[in-house]
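J.: First the structure, then my questions, so here it is.
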There are 2 protein chains.
Amino acid sequence: MVTTFAAAAGTLPATPALVIDLPTVERNLRRLADDVRRHHLSLRPHTKTHKSRRMARLQMVAGASGLTVAKVGEAEVMADECSDILVAYPAIDPARTQRLAQLAGRCIIRVAVDSVEGVTSLATAARQTGTTIGILVDLDVGFRRTGVQSPQAALELAQIVSKLEPALRLDGIFFYPGHVWSPAAEQHEELRRIDAVLAETIDLWKQLGLSTGIVSGGSTPSAYQSDLISSQTEIRPGTYIYNDMNTVRAGFCNLEDVAAAIVCTVVSTAVPGKAVIDAGTKTLTSDRNARVPESGYGCILEYPEASLTRLSEEHGEIDLSNSPNKTHVGERVTVIPNHICPCVNLQDRVWLQHANGDLESLNVDTRGMLS
Amino acid sequence: MVTTFAAAAGTLPATPALVIDLPTVERNLRRLADDVRRHHLSLRPHTKTHKSRRMARLQMVAGASGLTVAKVGEAEVMADECSDILVAYPAIDPARTQRLAQLAGRCIIRVAVDSVEGVTSLATAARQTGTTIGILVDLDVGFRRTGVQSPQAALELAQIVSKLEPALRLDGIFFYPGHVWSPAAEQHEELRRIDAVLAETIDLWKQLGLSTGIVSGGSTPSAYQSDLISSQTEIRPGTYIYNDMNTVRAGFCNLEDVAAAIVCTVVSTAVPGKAVIDAGTKTLTSDRNARVPESGYGCILEYPEASLTRLSEEHGEIDLSNSPNKTHVGERVTVIPNHICPCVNLQDRVWLQHANGDLESLNVDTRGMLS
């Protein structure tokens, strides 16, 4: 694993620098595409992880049927790469609905919604523009963030949507199992329970002749366990393209499957037992590891026994007391962050590393898009 | 306090939006400028908080003697506003030293350094460019992040610097009391201990005829307690211009002194007892409160009894179970973040609110600068 990024660490003009290893990206895309084919699912990757047109194109080539975004600004950019966009977010205030209605004139736009206010607002915008927005009814399956609270409530919102045709088009059901964060056997029961709730919802809709054409599930952890949710028709994983210490420590992949790393420079070793790198929260974010919060702010490939224990905005402090090897001022080291998505969002450009070691600048096209 | 941002919340075209209240900024600048004058100190504000030329200009007008930056890219931008820049960071790798040496041909550049490798690297770059870089010897006074470990070690590094003239110029001592995070009486003793360490260092240098012209201290918390460190000649506070829930909960200011807030829209109330706003870690960051970590990810002005308990990348979950008032989908609410500096760094532009309520777009000129 160290060797994957070692060449980049040696040749990069400046640090901190986020490096994406293209062969690992391609392997990660193939792995999930094969998995999805085996389970007869559609794949609609979430572009929030890479925020890059180029990566979106690679996902489309690898068999994605559409793309997922969180922000309307992301939808506007990704519409150049794909004609079928899902906004996996209640984008329901007028600032967002009007832009979405416009965009629905260019490509298929679907939005996940959980409120009457939300569908009404989208319908108004679509009516004014003369377009049609597809709606997925957001059903809470246990994460307790968004989503209507029962199959019956999903049916009621679906009925409201179906009455707002042709401004809206009822396209199906949306769920996000964000509370499933492990491949362990005890989570299988939870995934099967979610499947039963979905089946109940689909059944209720069918009884009233409503279409549940799309049943859209999410997250990288659940994507790798798709066989346990047979009611879903598509999945929306994001992180799988790059992976990070969250997916590694949760057991969904190995360090060798991580395609993104941040090359840093050691800028101080003055405090005994410590080294300071030039990456703090403005590069690595303050995100702790989802599975092992006490594991620090990332994995240092060259010093696996060391721990990234404290971050300031621009400093990362490495505790070397458990490391048999010591570093020195000026050395470049490679950090795998806990959560790659917000780290990518801090960069205007990242470095794409080709199989032959060549480095190419890659724009983060939708970085920092707010609405 | 709610009223300060209420007008902006009603008129902003889209959310999430970071609003800076100019009258509060001006009051905060005056307060510290008065304080600094009273203690006969120089003020060198850290621009990492606002990352804005315009705000830097306001600080210069309010009596700052120079500016502080962390990144060389920030120094290059701020050099247009001020001819005396301190890089409060061991910017010692070749990618940084060469740019700094160039910049030293345009204005006074000083760098805080704690290693022989660091001063050698800066001297090499300055020699190649034919310029002079000022050096402050970074002394660890207890935060244990960077800095040489004793007055004697500071003297030894100072002697090395003085031998590298004229490429380098020994300008004094740098320290960062980042572990002092309270105005409480028990911290006064620590500030006095720091002062004694500084006095010992100054004395050692004097004995060998070395100049400690500048003794540069840092942080907003210690800035408000400058009278306890009489050895320092200048301070480098950053947050004081905007303030945030860190400075409020630590007791350094009141909510009325907070000049920066993030206006958000409620996008879901489907889960009972909760509301979801359109600001997650990609807007508010994952920074917990430095003094009260369990207080959530910010203060919601309209719902002071509510708590921002969980963030995803684009969702903020508000627990309303303790709030007598409930919100509704579409309502705009105002969040004071825990730590304003990394939030500003996520925005290309913020909104500047004038005394008459007018909103003006303000560029975050050095946002996302990495090296």
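The values are calculated or read from the model by the stated rules, or taken from the named source; none is laboratory data. Note that the structure is a prediction, hence the values are computed from the model and not measured. Here the Cβ is made from the backbone with ideal geometry for all residues, glycine too, and neighbour counts use every protein chain on show.
J.: Take B:Ile108 and decide whether it is touching a Lys or Arg at 6+ places or on another chain (Cβ under 8 Å), modelled with pLDDT of 95 or more, more than 14 Å from chain A (Cβ to nearest Cβ) and over 16 Å from B:Thr212 (Cβ atoms).
T.: On the way: touching a Lys or Arg at 6+ places or on another chain (Cβ under 8 Å): no; modelled with pLDDT of 95 or more: yes; more than 14 Å from chain A (Cβ to nearest Cβ): yes; over 16 Å from B:Thr212 (Cβ atoms): yes.
Criteria not met by B:Ile108.
J.: Something else now. Going through segment B:316-336 one residue at a time, which ones are away from chain A (no Cβ under 12 Å) and either over 10 Å from B:Lys274 (Cα atoms) or of a type in the set (A, V, I, L, M, F, W, C) (or both)?
T.: Selection gives B:Leu320, B:Asn322, B:Ser323, B:Pro324, B:Asn325, B:Val333, B:Thr334, B:Val335, B:Ile336.
J.: Can you tell which of A:Val350, A:Val335 is crowded, with 22+ Cβ neighbours inside 10 Å, in a strand (DSSP E or B) and in contact with a Phe, Trp or Tyr (Cβ under 9 Å, 6 or more places away or on another chain)?
T.: Details: A:Val350 fails: in contact with a Phe, Trp or Tyr (Cβ under 9 Å, 6 or more places away or on another chain).
None of the other options fit; the residue is A:Val335.
J.: Of all residues being within 13 Å of chain A (Cβ to nearest Cβ) and over 30 Å from A:Arg367 (Cα atoms) in segment B:270-304, which is surrounded by the most Cβ atoms within 10 Å (Cβ to Cβ)? Just the residue, please. Lay out the reasoning, then the answer.
T.: Taking segment B:270-304 as the starting set, the residues that turn out to be within 13 Å of chain A (Cβ to nearest Cβ) are B:270-290, B:293, B:297.
In the following step, the residues that additionally are over 30 Å from A:Arg367 (Cα atoms) were identified as B:272-273.
Numbers: B:Pro272: 9, B:Gly273: 13.
Filtering first and then ranking leaves B:Gly273.
J.: Of the numbered conditions (1) of a type outside the set (Ser, Thr, Tyr); (2) crowded, with 20+ Cβ neighbours inside 10 Å; (3) outside any loop (DSSP other than H, G, I, E, B), A:Val329 satisfies every one except a single condition; which is it?
T.: Result: A:Val329 passes all but (3).
J.: Applying the selection to segment B:168-200, what residues are within 18 Å of B:Leu86 (Cβ to Cβ) and not hydrophobic (A, V, I, L, M, F, W, C)? Let's see the steps before the verdict.
T.: First pass over segment B:168-200, keeping only residues within 18 Å of B:Leu86 (Cβ to Cβ): B:168-178, B:198.
Answer for segment B:168-200, where residues must be within 18 Å of B:Leu86 (Cβ to Cβ) and not hydrophobic (A, V, I, L, M, F, W, C): B:Arg169, B:Asp171, B:Gly172, B:Tyr176, B:Pro177, B:Gly178.
J.: If the requirement is being farther than 15 Å from A:Thr201 by Cβ and buried (at least 24 other Cβ atoms within 10 Å of the Cβ), which of these qualifies: A:Leu86, A:Leu164? Spell out the reasoning first.
T.: Details: A:Leu164 fails: buried (at least 24 other Cβ atoms within 10 Å of the Cβ).
Of A:Leu86, A:Leu164, the one residue that is farther than 15 Å from A:Thr201 by Cβ and buried (at least 24 other Cβ atoms within 10 Å of the Cβ) is A:Leu86.
J.: Then there's this: Can you report the number of residues in segment B:152-168 which are charged (D, E, K, R) and away from chain A (no Cβ under 14 Å)?
T.: First, pick out the residues of segment B:152-168 that are charged (D, E, K, R): B:156, B:163, B:165.
Pick out the ones that are also away from chain A (no Cβ under 14 Å) and you get B:163, B:165.
Selection size over segment B:152-168: 2.
J.: Which one is surrounded by the most Cβ atoms within 10 Å (Cβ to Cβ) among residues in segment A:101-111 that are free of Cβ contacts under 8 Å to residues at least 60 places away in the same chain and not β-branched (Val, Ile, Thr)?
T.: So the residue we want is A:Ala104.
J.: Still on this structure, please answer the following. When segment A:58-94 is examined, which residues are found to be more than 16 Å from the chain's Cα centre (by Cα), of a type outside the set (S, T, N, Q) and farther than 25 Å from B:Ser312 by Cα?
T.: A:Val61, A:Ala62, A:Gly63, A:Asp80, A:Glu81, A:Cys82
J.: Which residues, counting only those in segment B:60-81, are farther than 25 Å from B:Gly147 by Cβ and either of a type in the set (D, E, K, R) or surrounded by 23 or more Cβ atoms within 10 Å (Cβ to Cβ) (or both)?
T.: The first filter runs over segment B:60-81 and keeps only residues farther than 25 Å from B:Gly147 by Cβ, leaving B:60-63, B:76-77, B:79-81.
Passing the criteria: B:Glu76, B:Asp80, B:Glu81.
J.: I would also like to ask the following. Can you tell me which condition B:Gln98 does not meet? The list is (1) buried (at least 19 other Cβ atoms within 10 Å of the Cβ); (2) assigned by TED's automatic domain parsing to the domain that holds B:Ser150, and all the others hold.
T.: (1)
J.: Here is a further query. Are any residues in segment A:325-371 under 15 Å from the mean Cα position of the chain (by Cα) and hydroxyl-bearing (Ser, Thr, Tyr), and if so, which ones?
T.: Within segment A:325-371, just A:Thr366 meets the criteria.
J.: Give the residue that is nearest to B:Thr309 (Cα to Cα), with candidates limited to residues of segment B:260-293 that are of a type in the set (S, T, N, Q) and not in a loop (DSSP other than H, G, I, E, B). If you could, list the steps in order and put the result at the bottom.
T.: Within segment B:260-293, the subset of a type in the set (S, T, N, Q) is B:265, B:268-269, B:281, B:283, B:285-286, B:289.
When the remaining residues are screened for being not in a loop (DSSP other than H, G, I, E, B), the result is B:265, B:268, B:281, B:283.
Numbers: B:Thr265: 16, B:Ser268: 15, B:Thr281: 12, B:Thr283: 15 Å.
This residue is B:Thr281.
J.: Can you tell me which residue in segment A:259-269 is surrounded by the most Cβ atoms within 10 Å (Cβ to Cβ), limited to those that are among the aliphatic types (A, V, I, L, M) and more than 7 Å from every other protein chain (Cβ to nearest Cβ)? Break it down stepwise before answering.
T.: Applying the first criterion (among the aliphatic types (A, V, I, L, M)) to segment A:259-269 yields A:259-263, A:266-267.
Narrowing further to those that are more than 7 Å from every other protein chain (Cβ to nearest Cβ): A:259-263, A:266.
Working: A:Ala259: 26, A:Ala260: 25, A:Ala261: 30, A:Ile262: 27, A:Val263: 26, A:Val266: 24.
Going through the qualifying residues, I end up with A:Ala261.
J.: What strands (runs of 3 or more DSSP E) completely inside segment B:159-259 contain at least 3 residues that are assigned by TED's automatic domain parsing to the domain that holds B:Gln102 and small (Gly, Ala, Ser)? Please lay out each step first, then the result.
T.: Working: elements: B:168-174, B:214-218, B:234-236.
Hits in segment B:159-259: B:214-218.
J.: Only one of A:Ser371, A:Ser307 is small (Gly, Ala, Ser), surrounded by 16 or more Cβ atoms within 10 Å (Cβ to Cβ) and at pLDDT below 95. Can you tell me which?
T.: Working: A:Ser307 fails: at pLDDT below 95.
So the residue among A:Ser371, A:Ser307 that is small (Gly, Ala, Ser), surrounded by 16 or more Cβ atoms within 10 Å (Cβ to Cβ) and at pLDDT below 95 is A:Ser371.
J.: Does A:Asp114 qualify as being surrounded by fewer than 22 Cβ atoms within 10 Å (Cβ to Cβ) and acidic (Asp, Glu)? Write out each step before concluding.
T.: Details: surrounded by fewer than 22 Cβ atoms within 10 Å (Cβ to Cβ): no; acidic (Asp, Glu): yes.
Answer is no for this residue.
J.: Any idea which of (1) of a type in the set (Gly, Ala, Ser); (2) at pLDDT 95 or above; (3) out of contact with any strand residue (DSSP E or B) (no Cβ under 9 Å at 6 or more places or on another chain) is the one A:Ala290 doesn't satisfy?
T.: Only one criterion is unmet by A:Ala290, namely (2).
J.: Say whether the condition of being within 23 Å of B:Ser211 (Cα to Cα), within 10 Å of chain A (Cβ to nearest Cβ), part of a loop (DSSP other than H, G, I, E, B) and free of Cβ contacts under 8 Å to residues at least 60 places away in the same chain is met by at least one residue in segment B:127-146.
T.: Scanning segment B:127-146, I find at least one residue that is within 23 Å of B:Ser211 (Cα to Cα), within 10 Å of chain A (Cβ to nearest Cβ), part of a loop (DSSP other than H, G, I, E, B) and free of Cβ contacts under 8 Å to residues at least 60 places away in the same chain, so the answer is yes.
J.: Moving on to the next point. Please go through segment B:126-139 and give me each residue that is closer than 18 Å to B:Leu86 by Cβ and either surrounded by fewer than 22 Cβ atoms within 10 Å (Cβ to Cβ) or of a type in the set (D, E, K, R) (or both), ordered by number. Steps first, answer last, please.
T.: Looking only at segment B:126-139, we keep the residues that are closer than 18 Å to B:Leu86 by Cβ, and these are B:126, B:131-139.
Listed by number, the residues that qualify are B:Thr131, B:Thr132, B:Asp138.
J.: What is the residue count in segment B:185-236 for residues that are touching a helix residue (DSSP H, G or I) at 6+ places or on another chain (Cβ under 9 Å), of a type outside the set (D, E, K, R) and closer than 27 Å to B:Thr49 by Cα?
T.: Within segment B:185-236, residues that are touching a helix residue (DSSP H, G or I) at 6+ places or on another chain (Cβ under 9 Å), of a type outside the set (D, E, K, R) and closer than 27 Å to B:Thr49 by Cα number 21.
J.: Conditions: (1) within 14 Å of chain A (Cβ to nearest Cβ); (2) surrounded by fewer than 24 Cβ atoms within 10 Å (Cβ to Cβ). B:Tyr224 meets all but one. Number of the miss?
T.: Unmet for B:Tyr224, out of (1) within 14 Å of chain A (Cβ to nearest Cβ); (2) surrounded by fewer than 24 Cβ atoms within 10 Å (Cβ to Cβ): (1).
J.: Now for a different question. Just the residues that are of a type in the set (A, V, I, L, M) and away from every other protein chain (no Cβ under 14 Å), please, taken from segment B:50-85. Walk me through how you get there before you give the answer.
T.: Of segment B:50-85, the ones of a type in the set (A, V, I, L, M) are B:55-56, B:58, B:60-62, B:64, B:67, B:69-70, B:72, B:75, B:77-79, B:85.
B:Met55, B:Ala56, B:Leu58, B:Met60, B:Val61, B:Ala62, B:Ala64, B:Leu67, B:Val77, B:Met78, B:Ala79, B:Ile85 - these are the residues of segment B:50-85 that are of a type in the set (A, V, I, L, M) and away from every other protein chain (no Cβ under 14 Å).
J.: Then there is this: Going by the structure shown, is A:Gly142 of a type outside the set (A, V, I, L, M, F, W, C), surrounded by fewer than 24 Cβ atoms within 10 Å (Cβ to Cβ) and in contact with a His (Cβ under 6 Å, 6 or more places away or on another chain)? It would help to see each step written out before you state the result.
T.: Details: of a type outside the set (A, V, I, L, M, F, W, C): yes; surrounded by fewer than 24 Cβ atoms within 10 Å (Cβ to Cβ): yes; in contact with a His (Cβ under 6 Å, 6 or more places away or on another chain): yes.
Criteria met by A:Gly142.
J.: While we're here: Report whether or not A:Gly238 is surrounded by fewer than 18 Cβ atoms within 10 Å (Cβ to Cβ), in contact with a strand residue (DSSP E or B) (Cβ under 7 Å, 6 or more places away or on another chain) and within 14 Å of chain B (Cβ to nearest Cβ). Let's see the steps before the verdict.
T.: On the way: surrounded by fewer than 18 Cβ atoms within 10 Å (Cβ to Cβ): no; in contact with a strand residue (DSSP E or B) (Cβ under 7 Å, 6 or more places away or on another chain): yes; within 14 Å of chain B (Cβ to nearest Cβ): yes.
Criteria not met by A:Gly238.
J.: Looking at A:Gln149, A:Gln102, A:Gln187, which is the one that is polar (S, T, N, Q), more than 18 Å from A:Val69 (Cα to Cα) and away from every other protein chain (no Cβ under 13 Å)? Outline the logic, then answer.
T.: On the way: A:Gln149 fails: away from every other protein chain (no Cβ under 13 Å); A:Gln102 fails: more than 18 Å from A:Val69 (Cα to Cα).
None of the others qualify; the one that does is A:Gln187.
J.: Give segment B:206-220 a look and list any residue that's more than 15 Å from B:Asp34 (Cα to Cα) and touching a Gly at 6+ places or on another chain (Cβ under 9 Å), or say none.
T.: Initially, segment B:206-220 is screened for residues more than 15 Å from B:Asp34 (Cα to Cα), giving B:206-219.
B:Ser211, B:Thr212, B:Gly213, B:Ile214, B:Val215, B:Ser216, B:Gly218, B:Ser219 - these are the residues of segment B:206-220 that are more than 15 Å from B:Asp34 (Cα to Cα) and touching a Gly at 6+ places or on another chain (Cβ under 9 Å).
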